[in-house]
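Enquirer: My questions will all concern the structure given below.
The values are calculated or read from the model by the stated rules, or taken from the named source; none is laboratory data. Predicted model only: the values in this text are computed from it and were never measured. Neighbour counts are summed over all protein chains in view; Cβ atoms, including those assigned to glycine, are modelled from backbone coordinates with ideal geometry. Side chains are part of the model used for accessible areas, which takes the heavy atoms of the whole protein and leaves out ligands, DNA and RNA. Shrake-Rupley method; radii C 1.70, N 1.55, O 1.52, S 1.80 Å.
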Amino acid sequence: MKTFIIKRLIQALAVCLVISMISFFLLFLNADPALVLLPPEAEVEDIAAFKKQMGFDRPIIVQYLDFIGKVIFHADFGNSFVAKVPTLKLLAERVPATLKLTASAVLIANLIAIPLGILAAVRRYSLLDNLSTLIALMGQAMPLYWLGIMLIIVFGVWLGWLPISGSQTLPHLILPAVTLAAYLLPANMRLVRSGMLDVLNQDYIRTARAKGAGEIRVFIVHAFKNAAIPLVIITGLQFSILLGGTVVTETVFAWPGLGRLAVNSILMGDYPVVQAIVIFFSLCVVIGNLLADILAAFIDPRIRQE
Amino acid sequence: MNSSKILEITELTTCFDTPEGLVRAVDGVSLVIESGRTLGVLGESGCGKSVTALSVMGLLPKPQGRISSGSIYFQGKDLVRKSPRTLRALRGSEMAMIFQEPMTSLNPVYTVGEQIAEAFTIHEHLPKKLGLQKARETLFQVGIPSPEQRIHEYPHQLSGGMRQRIMIAMAMACRPKLLIADEPSTALDVTIQAQILDLMLNLQEETGMSIMMITHDLGVVAEMSDHLAVMYAGKVVECAPVDVIFNAPGHPYTLGLMRSIPRPGRKFSSGKQALAEIPGIVPGLIDPPPGCLFAPRCDRAFERCRLEMPPLFNLKDQSGSSHGVRCWLAESMAQQPATQGGRT
Ligand SMILES: Nc1ncnc2c1ncn2[C@@H]1O[C@H](COP(=O)(O)OP(=O)(O)OP(=O)(O)O)[C@@H](O)[C@H]1O
Ligand SMILES: [Mg+2]
């Protein structure tokens with residue numbers, strides 16, 4: 001188990017390094033930072049001087065090595081072009097809000113998806129099953145920003161029950177977290193349902209019944225623990241989708257997290273911040289996957305042995 | 001014989017709803033098992049052996065499978081009319097079952113110990129720790145070496161034979177009165193097979209339980225059973241004490257089965273040595289043709305066989321034990337048609 005984790009950690013770091021490289025080059029292909037940062041009326045000499053001062057005149061490889069070297073050896077992501085403070089400090093201010101949002105979304109999504117998926121499998125083709133299939137389909141077809149805006153209109157504007165922007169209190173969390181959860185819920189519910197249906201057909205379920213196990217014991221103890229393995233692994237893979245989702249959700253609800261910071265930084269050409277966020281997100285995805293794999297190995301002894 | 005019956009199945013019919021139509025997997029089956037004895041249930045693949053067993057256990061796959069008529073008296077109670085709750089309380093305590101597929105019948109995410117201990121948790125409400133303690137004792141009783149270690153192992157770490165032993169241990173945990181063994185050794189290789197059967201015989205001697213031994217292997221029947229019921233296409237076609245059938249099989253199908261094994265078991269000496277196989281296949285159970293279902297494959301079939309299903313004729317032989325045969329050829333030798341199916 002220990003070597004498994006260490007191996008996976010090394011893999012994770014390599015993945016982050018590659019991602020940082022790709023994102024670095026993509027940013028520079030996209031637009032010349034000097035042109036974005038300087039006012040449009042800047043003279044040619046000014047631009048050249050600015051480039052020299054910022055080091056943009058060097059070959060892109062050299063710039064990358066310089067950047068990644070500082071990141072690795074000094075944990076220094078440079079200063080924000082716009083805010084003129086260390087990038088890391090900006091990030092640190094935003095991380096808690098994003099973590100709070102994503103964790104709540106994952107929690108809400110699974111707290112609903114798991115029981116609903118189990119019930120749908122157990123009462124297959126019942127009204128509940130068909131209804132949840134319908135809702136799942138609708139949920140999957142709905143764009144995130146549209147759902148967010150609808151929730152704002154209904155619960156914020158018409159009913160006036162919940163605040164629609166900012167993050168000061170717990171009620172502020174509800175709408176964005178629900179929006180993001182709605183993004184994950186349909187897939188997870190379908191996954192639990194199909195996993196349960198698959199497992200309930202297995203011979204060991206019949207063995208459990210032959211032992212005299214009651215229905216609840218059969219569904220939860222014997223079936224769900226097996227059906228949870230794919231759910232855990234997929235949830236790990238969902239981190240990337242989830243972080244993409246935060247960009248939209250945080251923007252719609254003015255949630256002061258990394259997603260909104262990313263959007264603003266891209267618009268303002270604040271490349272060090274964008275770069276740092278990309279690396280942080282990829283780190284999150286990789287660690288999320290790793291945690292999911294560890295959890296799956298914890299549940300399933302066959303994975304542990306590999 | 002005046003020993004009491006632990007299980008008496010009468011005219012049991014079990015159906016499955018399938019997209020192609022209603023399948024009568026078990027059709028008017030009557031069987032009796034006496035306390036402490038072993039009934040062998042013999043027949044080709046698909047003849048309804050497992051479905052009979054699952055009907056007794058109340059484990060028919062839902063919602064497609066159901067018992068449509070008949071009764072199953074177990075220790076004097078009709079299981080067909082009992083609530084699911086009552087059946088659940090009996091399963092794993094009074095009656096237990098081991099399955100055909102040792103490789104997939106254990107839950108992969110729990111240790112062997114946990115899975116055996118569960119029986120004690122369910123039926124004796126023991127806390128997990130005590131349950132594990134008793135699981136270890138059970139493993140010891142079924143002769144599994146180093147039970148201390150075994151209880152911490154997972155199914156995927158064990159061989160097929162070991163898994164089947166674990167299944168037996170699990171079934172024996174609460175000392176059932178009736179053990180239904182559905183081809184417990186079919187999936188295992190020959191030496192392991194013998195060990196598993198020996199183990200069951202020993203456990204029977206120790207505990208006095210009754211066994212329903214389902215198999216398609218005559219050798220297993222010869223070694224294990226007191227009585228034998230031969231099934232064909234959902235019906236019992238012959239039933240009697242094992243030696244009666246082995247000495248004088250009454251149904252052409254039984255005779256065919258005996259001819260189709262290369263080395264006859266030690267219990268029967270007469271008979272041809274040539275290895276014959278029964279031509280043809282078991283007919284479909286949806287809309288079966290009238291008449292005897294074995295007729296299309298029977299070399300002694302005549303007109304009547306194709307038109308009318310024979311009842312189970314009761315041949316009384318010298319020793320006085322009953323011998324039921326579902327064949328028109330037996331009519332002339334029968335004293336009267338057996339109404340309740342043969343006694344075993
Ligand atoms: N779940 C099911 N759905 C529909 N039909 C079924 C189902 N289970 C069994 N049957 C039908 O019941 C018949 C008898 O099946 P059963 O499993 O009892 O055979 P068996 O005698 O145990 O054979 P084997 O030696 O292969 O185990 C089969 O031919 C099949 O058509
Ligand atoms: Mg079977």
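Enquirer: Go through B:LEU12, B:LEU22, B:LEU59 for me and flag whichever is open to solvent by less than 30 Å² (accessible area, probe 1.4 Å), within 13 Å of ligand 1 (Cβ to nearest atom) and out of contact with any Ser or Thr (no Cβ under 8 Å at 6 or more places or on another chain).
Expert: Selected residue: B:LEU59, the only one of B:LEU12, B:LEU22, B:LEU59 that is open to solvent by less than 30 Å² (accessible area, probe 1.4 Å), within 13 Å of ligand 1 (Cβ to nearest atom) and out of contact with any Ser or Thr (no Cβ under 8 Å at 6 or more places or on another chain).
Enquirer: What's the total number of residues in the stretch B:38-52 that are touching a helix residue (DSSP H, G or I) at 6+ places or on another chain (Cβ under 9 Å) and not in a strand (DSSP E or B)? I'd like the intermediate steps shown before the answer.
Expert: The initial filter retains those residues of the stretch B:38-52 that are touching a helix residue (DSSP H, G or I) at 6+ places or on another chain (Cβ under 9 Å), namely B:38, B:40-44.
Add one more test, that the residue is not in a strand (DSSP E or B), and what stays is B:43-44.
Counting residues in the stretch B:38-52 that are touching a helix residue (DSSP H, G or I) at 6+ places or on another chain (Cβ under 9 Å) and not in a strand (DSSP E or B) gives 2.
Enquirer: Here's something else I'd like to know. Find the helices (runs of 4 or more DSSP H) located wholly in the stretch B:159-229 whose residues include 2 or more that are open to solvent by 10 Å² or more (accessible area, probe 1.4 Å), more than 16 Å from ligand 1 (Cβ to nearest atom) and within 14 Å of chain A (Cβ to nearest Cβ), and list them.
Expert: Numbers: elements: B:160-172, B:190-207, B:218-224.
Result: B:160-172.
Enquirer: Is there any pair with a first residue in the stretch B:270-293 that is more than 22 Å from B:GLU308 (Cα to Cα) and modelled with pLDDT under 70 and a second that is away from ligand 1 (no atom under 16 Å from the Cβ) and assigned to a loop (DSSP other than H, G, I, E, B) whose Cβ atoms are under 7 Å apart and which are 6 or more apart or on different chains, and what are they?
Expert: B:GLY271/B:PRO264; B:LEU275/B:PRO262
Enquirer: Of everything in the stretch B:56-93, what is assigned to a loop (DSSP other than H, G, I, E, B), over 17 Å from A:ARG209 (Cβ atoms) and without any contact (Cβ under 8 Å) to a residue 40 or more places away in the chain? Give them in sequence order. Break it down into steps so the answer makes sense when it comes.
Expert: Applying the first criterion (assigned to a loop (DSSP other than H, G, I, E, B)) to the stretch B:56-93 yields B:58-64, B:75-76, B:82-83, B:92-93.
Next, only the ones that are over 17 Å from A:ARG209 (Cβ atoms) stay: B:75-76.
B:GLY76, the sole residue that qualifies.
Enquirer: When only residues in the stretch B:33-52 that are under 16 Å from B:GLN100 (Cα atoms) and surrounded by fewer than 20 Cβ atoms within 10 Å (Cβ to Cβ) count, which is farthest from ligand 1 (Cβ to nearest atom)?
Expert: B:GLU44
Enquirer: Moving to a separate point now. Within the stretch B:77-90, identify whether any single residue is surrounded by fewer than 18 Cβ atoms within 10 Å (Cβ to Cβ), modelled with pLDDT of 95 or more and either in contact with a His (Cβ under 7 Å, 6 or more places away or on another chain) or within 27 Å of B:GLN141 (Cα to Cα) (or both), and answer yes or no.
Expert: Yes; the residues of the stretch B:77-90 include at least one that is surrounded by fewer than 18 Cβ atoms within 10 Å (Cβ to Cβ), modelled with pLDDT of 95 or more and either in contact with a His (Cβ under 7 Å, 6 or more places away or on another chain) or within 27 Å of B:GLN141 (Cα to Cα) (or both).
Results for (1) closer than 25 Å to A:LEU291 by Cα; (2) under 31 Å from the mean Cα position of the chain (by Cα), shown as yes or no for each residue.
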| residue | (1), (2) |
| --- | --- |
| A:LYS7 | yes, yes |
| A:LEU29 | no, yes |
| A:LEU37 | no, yes |
| A:ALA42 | no, no |
| A:LYS52 | no, no |
| A:ASP57 | no, no |
| A:ASP66 | no, yes |
| A:VAL71 | yes, yes |
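Enquirer: Is it the case, given these coordinates, that B:ALA96 is touching a helix residue (DSSP H, G or I) at 6+ places or on another chain (Cβ under 9 Å), buried (at least 22 other Cβ atoms within 10 Å of the Cβ), in a strand (DSSP E or B) and touching a residue at least 40 places away in the same chain (Cβ under 8 Å)?
Expert: So B:ALA96 fits the description; yes.
Enquirer: Mind listing just one residue for me: the one in the stretch A:212-253 that is open to solvent by less than 50 Å² (accessible area, probe 1.4 Å) and in contact with a Lys or Arg (Cβ under 7 Å, 6 or more places away or on another chain) and, of those, nearest to the other protein chains (Cβ to nearest Cβ)?
Expert: It comes out as A:GLY212.
Enquirer: Further, regarding this structure: Among the residues in the stretch A:255-266, are any open to solvent by 10 Å² or more (accessible area, probe 1.4 Å) and within 14 Å of another protein chain (Cβ to nearest Cβ)?
Expert: First pass over the stretch A:255-266, keeping only residues open to solvent by 10 Å² or more (accessible area, probe 1.4 Å): A:256, A:260-264, A:266.
Keeping just the survivors that are within 14 Å of another protein chain (Cβ to nearest Cβ) gives none.
No, the conditions are met nowhere in the stretch A:255-266.
Enquirer: Determine, yes or no, whether B:GLU114 is open to solvent by less than 50 Å² (accessible area, probe 1.4 Å), of a type in the set (D, E, K, R) and either in contact with a Leu (Cβ under 9 Å, 6 or more places away or on another chain) or more than 16 Å from ligand 2 (Cβ to nearest atom) (or both).
Expert: no
Enquirer: Further, regarding this structure: Condition first: farther than 22 Å from B:CYS292 by Cβ and either in contact with a helix residue (DSSP H, G or I) (Cβ under 7 Å, 6 or more places away or on another chain) or in a strand (DSSP E or B) (or both). Now tell me which residues in the stretch B:10-34 satisfy that.
Expert: Listed by number, the residues that qualify are B:PHE16, B:ASP17, B:THR18, B:VAL32, B:ILE33, B:GLU34.
Enquirer: From the set of residues in the stretch B:136-157 that are within 12 Å of chain A (Cβ to nearest Cβ) and either open to solvent by less than 60 Å² (accessible area, probe 1.4 Å) or in contact (Cβ under 8 Å) with a residue 60 or more places away in the chain (or both), which is farthest from the chain's Cα centre (by Cα)? So that I can check it myself, show each step before the final result.
Expert: Start the filter on the stretch B:136-157 by keeping residues that are within 12 Å of chain A (Cβ to nearest Cβ), which leaves B:152-157.
Those still in the list that are either open to solvent by less than 60 Å² (accessible area, probe 1.4 Å) or in contact (Cβ under 8 Å) with a residue 60 or more places away in the chain (or both) too: B:153-156.
Values: B:GLU153: 30, B:TYR154: 28, B:PRO155: 25, B:HIS156: 27 Å.
By that ranking, first place goes to B:GLU153.
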